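Worksheet: the structure to be examined is printed underneath.
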Amino acid sequence: MRCIALLSITIVDAATAADTKIEQTLRDLDAQWSAAAEPKPRQDGLVYSDDAIVMPPNASAARTKEAIRKLWQDLIASPGFVISWKATKIEVAKSGDLACLSGTYEFCDE
């Protein structure tokens, strides 16, 4: 019985370590994506997936690469445009194939 209890604890610790590694990888990727927007945004660094969706405040979601590029072009063209963000919460599905990042962002458009 002691071996089974010890094995259970080890499995839980291993799962926690894997979750932590996934979360750190996501934080690192998100930070790289935010850095691609500074100081002069590079559009190709901001559009990274065929299934990406950008949901700007008070506007319709951009659901295609073309729509996302247009959104960024319009933002970049604004004088004084600055944007950055940081993930503050990451939730990873138990399967490990889906995650949701939320956080804060700063946006200036003078």
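Rounded if a/c is under 1.5, else prolate if a/b beats b/c, else oblate: with a ≥ b ≥ c from the C-alpha gyration tensor eigenvalues square-rooted, which is the range 68-109?
Oblate, since a/c reaches 1.5 and b/c is not below a/b.
Send over a whole-number figure in Å² for the accessible area per residue of the range 45-95, probe 1.4 Å.
68 Å²
The values are calculated or read from the model by the stated rules, or taken from the named source; none is laboratory data. Since this is a predicted model, take the numbers as computed values, not measurements. Accessible surface areas use protein heavy atoms only, side chains included; no ligands, DNA or RNA. Shrake-Rupley method; radii C 1.70, N 1.55, O 1.52, S 1.80 Å.
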